[in-house]
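Some notes on the structure that comes next.
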Amino acid sequence: MRIELAYVDYNNTHHPAVLTHSWSGSVSGLGPVSLAFPVNQDRSGNSGHTAVSGAGLPYVLFSGVPFRVYPRMGNMELSVDGRPARLSRRHLALTKRGRSLRIRIDGRDYRYRVLGSKRQHELSRAGATVTMSRSDWRLPGTISGTAQGQVDGLDVALAVVLEGVYTRNLSFSGALYSWPGRFLSRFDVI
């Protein structure tokens, strides 16, 4: 199964001053897919949101503390068609596997982790793996992926929505690199 998305940007009609970044494309066997952020931005600015939708996919919404345009994994929440997922990760782990994001939804246990570079990620559960790649880390022109095993729309939607989340701190070196900016953002400095 192949996942192909291309970048399109447009102004948000609800908040014209906020540029919404979006990608659209298709998933072989499942149909069209779209990824967008920030969406449903709250007025306080305390939460950023990324959403995935598509005809063969559930609606997935990730919420977290905003960092530049991305929601990050601070105070994170994830819902699938309105059902909340349980999220956890080990902040002090040193390895990429140890720092991976763990997701539990609909009786499934997932692990989302960084692969070789900050532009490649893998979402896996028993019997299914979705590997995603970005053409660029910050705002990629294309996002693509491959799926192996007994993959369904939920697996694909979770993998795609996490491409619109600030995940730099899933590796120890990325956490060190991004720490000053994340720290200063708490004080509205950047």
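The values are calculated or read from the model by the stated rules, or taken from the named source; none is laboratory data. This is a predicted model, so every value here is computed, not measured. Here the Cβ is made from the backbone with ideal geometry for all residues, glycine too, and neighbour counts use every protein chain on show. Protein only, heavy atoms only, side chains kept; ligands, DNA and RNA dropped before computing areas. Shrake-Rupley method; radii C 1.70, N 1.55, O 1.52, S 1.80 Å.
Within the range 138-152, being open to solvent by 10 Å² or more (accessible area, probe 1.4 Å) and either over 13 Å from the mean Cα position of the chain (by Cα) or farther than 23 Å from L61 by Cβ (or both) holds for G141, T142, S144, T146, A147, Q148, G149, Q150, V151, D152. The single condition among (1) in contact with a helix residue (DSSP H, G or I) (Cβ under 6 Å, 6 or more places away or on another chain); (2) at pLDDT 95 or above; (3) of a type outside the set (D, E, K, R) that L94 does not satisfy is (2).
The residues of the range 52-65 that are out of contact with any His (no Cβ under 9 Å at 6 or more places or on another chain) and either part of a loop (DSSP other than H, G, I, E, B) or open to solvent by 10 Å² or more (accessible area, probe 1.4 Å) (or both), listed by number, are S53, G54, A55, G56, L57, P58, Y59, V65. In the range 107-130, of all residues being in a loop (DSSP other than H, G, I, E, B) and at pLDDT 95 or above, the one that is surrounded by the most Cβ atoms within 10 Å (Cβ to Cβ) corresponds to G127. Give the range 1-47 a look and list any residue that's at pLDDT below 70 and either touching a Leu at 6+ places or on another chain (Cβ under 9 Å) or closer than 21 Å to G153 by Cα (or both), or say none. Answer for the range 1-47, where residues must be at pLDDT below 70 and either touching a Leu at 6+ places or on another chain (Cβ under 9 Å) or closer than 21 Å to G153 by Cα (or both): Y10, N11, N12, N40.
For the range 96-105, the criterion of a residue being in a strand (DSSP E or B) and open to solvent by 50 Å² or more (accessible area, probe 1.4 Å) is satisfied by at least one position. Taking the criterion of being modelled with pLDDT of 95 or more and either small (G, A, S) or surrounded by fewer than 22 Cβ atoms within 10 Å (Cβ to Cβ) (or both), the residues of the range 153-170 that qualify are G153, L154, A157, A159.
Answer yes or no as to whether S135 is open to solvent by less than 40 Å² (accessible area, probe 1.4 Å) and either under 17 Å from W23 (Cβ atoms) or at pLDDT 95 or above (or both). Spelling it out, it is not the case that S135 is open to solvent by less than 40 Å² (accessible area, probe 1.4 Å) and either under 17 Å from W23 (Cβ atoms) or at pLDDT 95 or above (or both).
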